[in-house]
1. Quick check on segment 93-145: of everything there that is within 14 Å of GLY20 (Cβ to Cβ), of a type in the set (S, T, N, Q) and buried (at least 16 other Cβ atoms within 10 Å of the Cβ), which residue is modelled with the lowest pLDDT?
2. Within segment 46-88, work out how many residues are more than 30 Å from GLN104 (Cβ to Cβ) and of a type outside the set (A, V, I, L, M).
3. Only one residue in SER75, SER17 is surrounded by fewer than 16 Cβ atoms within 10 Å (Cβ to Cβ), out of contact with any Leu (no Cβ under 8 Å at 6 or more places or on another chain) and of a type in the set (Ser, Thr, Tyr). Which one?
4. All but one of (1) within 20 Å of the chain's Cα centre (by Cα); (2) surrounded by 14 or more Cβ atoms within 10 Å (Cβ to Cβ); (3) of a type in the set (D, E, K, R) hold for GLU46; which doesn't?
5. Could you pull out the residue among SER38, SER75 that is more than 27 Å from LEU130 (Cα to Cα), among the hydroxyl-bearing types (Ser, Thr, Tyr) and not in a helix (DSSP H, G or I)?
6. Show the residue pairs meeting these rules: Cβ distance below 9 Å; 6+ apart or different chains; first residue within segment 78-105 and acidic (Asp, Glu); second residue part of a helix (DSSP H, G or I).
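The values are calculated or read from the model by the stated rules, or taken from the named source; none is laboratory data. Please read these numbers as outputs of a predicted model, since none were measured by experiment. Cβ atoms come from the backbone with ideal geometry, glycine included; neighbour counts cover every protein chain shown.
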Amino acid sequence: MGWVTPLISVAAAQQASATGKFNQSVQERNALIAEQESQRLEQQNEFDIARFDQQFTQLQGQTKVATLKSGAQLSGSGLNIMRYNAEQAEIQKTVMEYNSKVAQSQKLEEANFARISGQVARMEAKQAQLGYYAQAGQSLMNNYG
C-alpha cells in the first residue's frame, strides 16, 4: 500500500503538466484571435475610408451642381462651402483612422495579455508538477527509506 501515494502524486504531476499546457494553448489561441481581430479592424477602416471618400466625392459633385444650377459661380460662398466640406472630410477621416488605431492597439494588448497569462499558467503548472513529484519522492523515502 506504500506505493499508492507516490503513484497518485506522479499522476497528479502529469495532470498538472497537461493542464498547464492546455491552458497555455487556450491563451495562445486567444492571442491569435485578438491579433486577427486587430487586422480585421485595420481592413474595415480601409474599407470605411474608401467608402467615405466615394460618398464625399458624390457630395462635392452635388454641391458643385447645386451651386452652378443656382446661377452662382464656383467662387465666393460656393467655393467656401466646397473648401469647408473638404476640411471637414479630412477631419472626419483623421478621427476614423485614430479610432481604428486605438481599437487595433487594444486588440494587440489583449493578445499580449493572453500570451502572458498562458505563460503564467504554464509556470504555475510546472510548479505544481514539481510539488507533486517532491511529494512522491518524500512518500517513497518515508515508506522505503
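1. Looking at residues that are within 14 Å of GLY20 (Cβ to Cβ), of a type in the set (S, T, N, Q) and buried (at least 16 other Cβ atoms within 10 Å of the Cβ), I get GLN129.
2. Filtering segment 46-88 for residues more than 30 Å from GLN104 (Cβ to Cβ) gives 61-84.
Next cut, of a type outside the set (A, V, I, L, M) only: 61-64, 67, 69-71, 73, 75-78, 80, 83-84.
Counting residues in segment 46-88 that are more than 30 Å from GLN104 (Cβ to Cβ) and of a type outside the set (A, V, I, L, M) gives 16.
3. Details: SER17 fails: surrounded by fewer than 16 Cβ atoms within 10 Å (Cβ to Cβ).
After applying the criteria, what remains is SER75.
4. It fails just one condition, (2).
5. SER75
6. As it stands, the answer is GLU97/ASN45; GLU97/ILE49, since those pairs meet every condition given.
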